[in-house]
Amino acid sequence: MEQTKRQEALFKVGMVISKIGEVVHWIGVVSMIVVLVMCIFASSSFLGFIDESMLFDANGGTTIEAYGFQLDCADKDGNVNVKAIAVFSVAAFISLGLMAMVFRNIYLVLKSIIGKNGVKSSPFAKDNVRMIREIGIFSISLPIIGLIMQCVAILILGWENVEAAVSLDGFIVGIIGLCLTQIFAYGASLQSDVDGLV
């Protein structure tokens, strides 16, 4: 009984954290849309708005990052490059949106397991299998988006002006998610067999 209450409390904490993560990422999506619009329609005033110290880190670097996609947002003279910020904002917009969907699916899976009024249901529901599969697909999409946006940055900014990097960690998380999908799908089929016998 005490263990059940502890598990339920952990599920509720997980739901709160995943909902906060989802909301924060959607705010990030909106922020990146605003940055992109400012880069396109008000680039000169946007440059005045951006304090160069916002881009430079403690070591003097000007690289900004969003989920494994890194892009240097200064030109050779050390000035802010609005085109680079625009490219980065598109990559960040897509990446933050994908991660918002990951957190949304985590929230929905936990919510479906707890059920209404604290009554637990089986984790092997078909919707849970689908949502875990989507988490894997979204995670694999992150480095793919990074690679595509790196190519876009090279096309827009020129090969010699691009210092970009992409982390491939999302592939590992995505593969784990897709493997979990197979385990949950197997559990769902076993549960349907047992329910058919009852």
Qualifying residue in the stretch 81-97 (condition: modelled with pLDDT under 80, over 13 Å from the mean Cα position of the chain (by Cα) and not basic (Lys, Arg)): yes
Spans of helices (runs of 4 or more DSSP H) in the stretch 1-75 with at least 3 residues modelled with pLDDT of 80 or more and surrounded by fewer than 15 Cβ atoms within 10 Å (Cβ to Cβ): 2-41
Gly146 vs. criteria touching a Gly at 6+ places or on another chain (Cβ under 6 Å), modelled with pLDDT of 85 or more, open to solvent by less than 90 Å² (accessible area, probe 1.4 Å) and assigned to a helix (DSSP H, G or I): yes
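The values are calculated or read from the model by the stated rules, or taken from the named source; none is laboratory data. For clarity, every value in this text was computed on a predicted model and none was experimentally measured. Methodologically, a virtual Cβ is constructed for each residue, glycine included, from the backbone with ideal geometry; neighbour enumeration extends over all protein chains shown. We work out accessible area using only protein heavy atoms, side chains counted, and drop any ligands, DNA or RNA first. Shrake-Rupley method; radii C 1.70, N 1.55, O 1.52, S 1.80 Å.
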